[in-house]
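Heads up, the thing below is written out as structure tokens.
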């Protein structure tokens with residue numbers, strides 16, 4: 001299992017509600033990835049999956065200030081792990097013209113279009129089999 005805490009781990013942002021919002025966004029990205037798979041079911045398209053996330057609560061004392069929350073996900077093999085894009089406009093230029101990266105960019109744009117601009121899946125990372 002892999003755990004991560006909010007980069008803004010102060011008392012205001014290290015709340016169950018904030019982590020549940022992250023889980024909700026992750027679940028929606030997973031739903032959109034499944035829709036994408038049904039939409040583009042030819043043999044050349046990537047099968048996209050989103051790891052399920054869980055929230056873990058760790059009590060380190062008796063007060064709310066000592067309670068920490070973490071998002072937990074299964075670990076991907078490090079030797080195959082790639083970060084293709086993030087939510088600030090970065091795209092991996094080393095593989096920018098690879099067919100799978102082009103499909104990921106198309107998927108990202110499609111999520112924007114299908115949700116009428118409400119959201120867009122942009123932080124794309126993982127591994128390719």
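Derivation of every value follows stated rules applied to the coordinates shown; laboratory data play no part. Owing to the predicted nature of the structure, the values given are computational and were not obtained by experimental measurement. In this analysis, Cβ positions are derived from the backbone assuming ideal geometry, glycine residues included, and neighbour counts consider all displayed protein chains.
Maximal additional length on extending the residue 83-residue 122 stretch stands at 13.0 nm, based on 0.36 nm per residue less the C-alpha distance. Can you give me the Cα centroid spacing of the stretch 97-129 and the stretch 25-85 in angstrom? Taking the Cα centre of each part, the stretch 97-129 and the stretch 25-85 sit 15 Å apart. In the elastic network of the chain, a GNM with C-alpha springs shorter than 10 Å, the most mobile of 33, 109, 98 is 98. Comparing 55, 25, 93 in a Gaussian network model of the chain (Cα springs below 10 Å), the most mobile by mean-square fluctuation is 93.
What number do you get for the stretch 31-93 when its Cα radius of gyration is normalised by 2.2 N^0.38 Å, N = residues?
1.66
Our estimate of slack between residue 28 and residue 72, defined as 0.36 nm per intervening residue step minus the Cα-Cα distance, is 14.2 nm. Against the main long axis of the alpha-carbon atoms of the chain, helix 99-114 sits at an angle near 70°. Taking other C-beta atoms within 10 Å as the exposure proxy, 118, 19, 70 rank 118, 70, 19 from fewest upward.
The fraction of Cα-Cα pairs per 10 angstrom bin, counted from 0 for the stretch 2-126, comes to 11, 36, 33, 14, 5, 0 percent, rounded to whole percents. The angle between the Cα long axis of helix 16-39 and the longest principal axis of the Cα atoms of the chain comes to about 20 degrees, rounded to the nearest 10.
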